[in-house]
Each structure stands twice: as C-alpha cells, then as structure tokens.
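The values are calculated or read from the model by the stated rules, or taken from the named source; none is laboratory data. Keep in mind that what you see is a predicted model, and the values were worked out from it rather than measured. Virtual Cβ from ideal backbone geometry, glycine too; neighbours counted across all protein chains shown.
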Amino acid sequence: MQKVLAPLALCAAFLLPGVSAAQETPSAGSAAQDRPAVTFDEVERGVYFAVYGGPSWIANPPASQGPRPFSSGQMAQVELGIDLGERLSLGVFFMGSANTAGAEYIGYSQGAASGDFTMLVPGAVLRARLVGFADSQEVKRTWIYARAGAGYAMFSPKKLLPDSDILVFAGPGVEYYTRLRHFSVGLEVTGNYLASKGAFGFAVAPNIRYAF
C-alpha cells in the first residue's frame, strides 16, 4: 500500500503549485483597467457669495421742502444666492450707502437737520446672463448680463429722513469667469429708484463672486 501512495503523493506535490498558479492568473475578462480620469468643470456654478462696491449718485435726494441737490456717495453690497443653470441666478443681498449733501439739504426734517445721510437696504435680486462669448477652449467665460432687484430702504439720520422706502434697481453688466474655476469678476452699471419718494440715481459697481 505504501508503495502505491508514495508515487501519488509525489505527483500531487508537483501538480499543486501549477494549480495554484493557474488560479492566481487573471482571466482575459477580468483584466485590470485604468482608473477613470478625474475631471472638473471649467466654470463652477451653484451656491455663490458676491461682493460689490463703488461710487453711487442720487440726482434728487428725497425731501418735503427745500432744494434737492445732486448727491454723490459710495455703496457696498454683499450677496448670497444660487445659480439656476447657466443663465439665471437668484439671491438675497444687503446694501449700505453713504451720500454727501450740503447744509441746504433738509430732507423731511423741516429744518431741524441737514446734510449727509446713509441708507441700509436688505432685499432680493435676479441675474440673467444674456450673451456668452467662448474662449479658445470653447468655454463661455465672458457674459453680458442684466441684474435687477428690490429692497427695503432705511435711512439715517431719522430726523432728516424718518420714513423708509422701497428701492428698485436694474442695469447691465459684464462678467468674466476666471481660470480659477470658482471665481468670477465683473462690472455693472445700475439705475436706482426710490418708489414713494420719487428719487432716482445710479451706481457703478465692480464685483467679485465665488461659487462653492
């Protein structure tokens, strides 16, 4: 019996390594493949944060009596919103402005106050990108857009301008999406109107935007 088992054990010793190697060899159907390349959007869109700032003017500051002199000033605005596809964006904003006025401007104070005033405005805004221009890589980085919004305007000092008003604004702009993907820069000109007081003006606002 031992004489029969000895040759069988010897054959098994030679065959087992070959079987093990055959099991470890990958079949043609399960051949290793390259990992898919990671790609990024050339222009990021989604939730965004934007900052605006620049000179502003009011042609006829609100007043119940006395002169309404042309007034210059500065404005700053922050905006948080979301892109609805390539062309539309919705957001909320908070704007502050400070305007200069001479001692002859008495607003609604009946002469009890005069001079400079400030305005704070929370509100909502819509941006529509109208025309896009592609670069050499066929990516639309430059856009002509229109932006419009409305907000609740509160003035200071209260003695000069005691009542709040509704501010509406609209205007064109140009925006460029940089190669940093998340950032865009722009410049816009807007016309402003205080609805109940009949005061109108305009602003020039360079801006920068970051999309998450």
**OP:** Identify all residues within segment 133-143 that are in contact (Cβ under 8 Å) with a residue 40 or more places away in the chain and in a strand (DSSP E or B); write none if there are none.
**Re:** Lys140, Arg141
**OP:** Check Leu160, Leu187 and return the single one that is in contact with a strand residue (DSSP E or B) (Cβ under 7 Å, 6 or more places away or on another chain) and crowded, with 17+ Cβ neighbours inside 10 Å.
**Re:** Leu160
**OP:** Scan (1) closer than 18 Å to Val189 by Cα; (2) surrounded by 13 or more Cβ atoms within 10 Å (Cβ to Cβ); (3) under 21 Å from the mean Cα position of the chain (by Cα) for the single condition Arg141 breaks and write down its number.
**Re:** (1)
**OP:** Output the number of residues of segment 56-68 satisfying the condition of being surrounded by 14 or more Cβ atoms within 10 Å (Cβ to Cβ), modelled with pLDDT of 95 or more, among the small types (Gly, Ala, Ser) and in a loop (DSSP other than H, G, I, E, B).
**Re:** 1
Original post:
Restricting attention to segment 146-157, which residues are surrounded by fewer than 20 Cβ atoms within 10 Å (Cβ to Cβ) and under 27 Å from Leu187 (Cβ atoms)?
Top reply: Ala146, Ala148, Ala150, Tyr152
Subject >> Residues located in segment 72-103, provided they are in contact (Cβ under 8 Å) with a residue 40 or more places away in the chain and part of a strand (DSSP E or B) >> reply: Met75, Gln77, Glu79, Gly81, Asp83, Leu88, Ser89, Gly91, Phe93, Met95, Ser97, Asn99
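Condition check ((1) part of a strand (DSSP E or B); (2) at pLDDT below 95; (3) of a type outside the set (A, V, I, L, M)) across all residues:
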site: Gly123; (1), (2), (3): yes, no, yes
site: Leu130; (1), (2), (3): yes, no, no
site: Tyr145; (1), (2), (3): yes, no, yes
site: Gly149; (1), (2), (3): yes, no, yes
site: Phe169; (1), (2), (3): yes, no, yes
site: Val174; (1), (2), (3): yes, no, no
site: Ser184; (1), (2), (3): yes, no, yes
site: Lys197; (1), (2), (3): no, yes, yes
site: Ile208; (1), (2), (3): yes, no, no
Subject >> Options Ser89, Ser71: the member that is more than 20 Å from Ala153 (Cβ to Cβ) and surrounded by 20 or more Cβ atoms within 10 Å (Cβ to Cβ) >> reply: Ser89
Subject >> Any pair with Cβ under 8 angstrom, 6 or more apart, that starts in segment 104-115 at a residue that is in contact (Cβ under 8 Å) with a residue 40 or more places away in the chain and within 10 Å of Lys159 (Cα to Cα) and ends at one that is among the hydroxyl-bearing types (Ser, Thr, Tyr) and in a loop (DSSP other than H, G, I, E, B) >> reply: Ile106/Ser114; Gly107/Ser64; Gly107/Ser114; Tyr108/Ser64; Gln110/Ser64; Ser114/Tyr105
**OP:** Count, please, the residues in segment 40-55 that happen to be in contact with a strand residue (DSSP E or B) (Cβ under 6 Å, 6 or more places away or on another chain), surrounded by 14 or more Cβ atoms within 10 Å (Cβ to Cβ) and in a loop (DSSP other than H, G, I, E, B).
**Re:** 3
Original post:
Is it the case that some residue within segment 190-206 is touching a residue at least 40 places away in the same chain (Cβ under 8 Å), of a type in the set (S, T, N, Q) and either buried (at least 16 other Cβ atoms within 10 Å of the Cβ) or closer than 30 Å to Glu42 by Cβ (or both)?
Top reply: yes
